[in-house]
Amino acid sequence: MKSKLWVFREFDPFHRAALAQALSISSASASLLLARGVTTPLEATSWMSQQMPHDPFLIPDMEPAVERLHQAVLTREPVCFYGDYDVDGMSATALYLSFFGSLGANVRAYVPHRKREGYGLNAAAVQQLHDEGVSLLVTSDCGTTSHHEIGLAKQLGMDTIVTDHHQTSEAMPPAVAVMNPHRAGAQYPFRGLCSAGLAYKVVQAYQMRYGEAGLPLESLLDLVALATIADVVPLQDENRGFVQQGLVQISRGARCGIRALKQVAGVVRDCSPETIAFKLAPRLNAAGRLDHALLGVQLLTTDSPAEAQRLAERLERLNRERQKIEADVVSEAVEAVNEQELPAALILASRRWHVGVVGIAAARLVERFHRPTVVIAIDERGVGKGSARTIGGFDLYQGLAACQDLLDTFGGHPAAAGVTVQESRLDTFRDRFTAAVAEWTCGTPAVPTLHVDAEVQLSEVTATLIKEIGAFHPFGAGNPEPTFAVKGLEVMDSRTVGEKHLKMTVRQGRSLPFDSIGFGMKSLLDRGIPARTTVDLAFLPELNHWNGYDRIQLRIRDLRISDQGTA
């Protein structure tokens, strides 16, 4: 197993020293701030403290949106909250239902079926909702590009409010309001909100304008935290505060649906972003992948512990089924890749694959082959629906935009996107998209990189440093866990524990010995490093609680043979 390419962040040492002195923090922590674009003591104080919320009325079309919603509340006209089938869409829909339902509004939810209807608004659903008496349609995580469907709604006499955060370069549809911070000319200072975050800003604006709320707004932040982490939007600006507060509620199980979901997932400790990303979100997403995402909305809005338990157990069964289907798809996709002649991008398609797991499969292939990847499930009509994932630096949205004449539809973000393409156009699409990626890489295959925040001496790794790192929580997209590097380490002891984890004791010169753990790294020999070789270590320092004691442990990100000689 090869080491990654280490990329050290470069800072002016005098600037770093001045920042460290002004804030009374270590040089290593000052490096972390600079790596996040925080360059002054004032910015640092703001960044590490609770971010003040921005004025929600700076979001495009917020004024007409809350005015139209207020009219619906007063007249009790039928309102449908129409969400996407992922965690963000479910959470935003649940948030809207909870808030406006608490005001006595006449509310209901609609989430399209992934396989039968596909992503976003569809004309049949708009017609059905009109026939059932709905006069106001509020979308979550979709709608910005739904010109035809929103035009149909308008012809039928229905008003539409769009809550969406997908990128777009198009003119806006004929809705009462299109609340999307990515709109051209948008004045909102932070573009990183997910759709549940946007929905929270809507209810915040509603309360500010009309002074009405049937429940504390803070009680909705668990939904915002779920969506923010699951949708991999940047944990910066307002999102940091949303997630910090939301994790507290999730940890104590304030919402009975989340409490039941934690129970079936075996979560007993306080929840972290990793808990949501790897335990809770996959179970919620399983509803939309294999069954119907309304199950997730019902779980997030029920007040009945018995119903919550029933729904959570159903999601657990669906998630286990999803894991099996995913493993089969990934296995087939890997077999289809010729590792000897890897192209700049991977575009893989099959009529055997389940459309509900193509996004996960694409992510797995990116991890393995380090290439932008599109995985497509083709239906019996020859229509391919796929998901795309990318490596750092390549903007998927722009890459797909270069192929838009070959696609039925596409949309998403720089890091994740969805496509619909005819099977007959797959080869042409594959060639053009691959060419776009090859041009971006200048013909040189991208290699996995590891960004190192700072090189330190082992003597600098102290309990104080770990405490300072705690101020940077929560970690996630846009605010990754810190990575430090130390060079020229003597490996005092090395062994494999639990069959696949590398355990080492290291020291630098005459420093104290430090324990380190590399999960899934097996042994030094598996990584091509002979015994008694001096190594460089990239790591995150943390406290390991064992037998009543806290000891500093280095969680290994990567290691390589040092150029500073052998022991």
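Remark: Ala105 falls outside the filter, which requires a residue to be in contact with a Ser or Thr (Cβ under 9 Å, 6 or more places away or on another chain) and surrounded by 15 or more Cβ atoms within 10 Å (Cβ to Cβ). Are any residues in region 306-357 surrounded by fewer than 19 Cβ atoms within 10 Å (Cβ to Cβ), farther than 28 Å from Phe429 by Cα and free of Cβ contacts under 8 Å to residues at least 40 places away in the same chain, and if so, which ones? Passing the criteria: Ala306, Glu307, Arg310, Arg314, Arg317, Arg320, Glu321, Gln323, Lys324. When Gly83 is tested against (1) farther than 21 Å from Phe190 by Cα; (2) in the same structural domain as Phe475 (by TED's automatic domain parsing), just one condition goes unmet, and that condition is (2). When region 231-246 is limited to residues that are of a type in the set (A, V, I, L, M) and closer than 11 Å to Gly197 by Cα, the one that is farthest from the chain's Cα centre (by Cα) turns out to be Val243. Counting only helices (runs of 4 or more DSSP H) that sit wholly inside region 143-260, those with at least 3 residues that are in contact (Cβ under 8 Å) with a residue 60 or more places away in the chain and surrounded by 17 or more Cβ atoms within 10 Å (Cβ to Cβ) are 195-210, 221-230, 238-252.
How many of the residues making up region 473-521 are among the basic types (Lys, Arg) and at pLDDT below 90?
Total satisfying the criteria: 1.
Would you mind finding the one in Leu450, Leu537, Leu512, Leu502 that is under 25 Å from the mean Cα position of the chain (by Cα) and either outside any strand (DSSP E or B) or more than 25 Å from Cys271 (Cβ to Cβ) (or both)? So that I can check it myself, show each step before the final result.
Values: Leu537 fails: under 25 Å from the mean Cα position of the chain (by Cα); Leu512 fails: under 25 Å from the mean Cα position of the chain (by Cα); Leu502 fails: under 25 Å from the mean Cα position of the chain (by Cα).
After applying the criteria, what remains is Leu450.
Could we say that His54 is under 24 Å from the mean Cα position of the chain (by Cα) and either surrounded by fewer than 21 Cβ atoms within 10 Å (Cβ to Cβ) or part of a helix (DSSP H, G or I) (or both) here? Outline the logic, then answer.
Numbers: under 24 Å from the mean Cα position of the chain (by Cα): yes; either surrounded by fewer than 21 Cβ atoms within 10 Å (Cβ to Cβ) or part of a helix (DSSP H, G or I) (or both): yes.
It is true that His54 is under 24 Å from the mean Cα position of the chain (by Cα) and either surrounded by fewer than 21 Cβ atoms within 10 Å (Cβ to Cβ) or part of a helix (DSSP H, G or I) (or both).
Residues that are crowded, with 22+ Cβ neighbours inside 10 Å and farther than 21 Å from Leu95 by Cβ within region 117-142 comprise just one, Val126. Scanning region 368-422 for residues that are aromatic (Phe, Trp, Tyr) and not in a strand (DSSP E or B) turns up Phe369, Phe394, Tyr397.
Which one of Thr39, Thr45 is assigned to a loop (DSSP other than H, G, I, E, B), surrounded by fewer than 18 Cβ atoms within 10 Å (Cβ to Cβ), of a type in the set (S, T, N, Q) and under 27 Å from the mean Cα position of the chain (by Cα)?
Details: Thr45 fails: assigned to a loop (DSSP other than H, G, I, E, B).
That would be Thr39, the only listed residue that is assigned to a loop (DSSP other than H, G, I, E, B), surrounded by fewer than 18 Cβ atoms within 10 Å (Cβ to Cβ), of a type in the set (S, T, N, Q) and under 27 Å from the mean Cα position of the chain (by Cα).
Can you find a residue that is over 30 Å from Arg510 (Cα atoms) and either free of Cβ contacts under 8 Å to residues at least 40 places away in the same chain or outside any loop (DSSP other than H, G, I, E, B) (or both) anywhere in region 469-476? Yes, the conditions are met somewhere in region 469-476. Of all the listed residues (Leu512, Leu489, Leu537), the sole one being surrounded by fewer than 18 Cβ atoms within 10 Å (Cβ to Cβ), closer than 24 Å to Ala463 by Cβ and in the same structural domain as Gly470 (by TED's automatic domain parsing) is Leu512.
The values are calculated or read from the model by the stated rules, or taken from the named source; none is laboratory data. In this text the structure is predicted, and so the values were computed from the model without any measurement. Backbone-built Cβ (ideal geometry, glycine too); neighbour counts: all protein chains shown.
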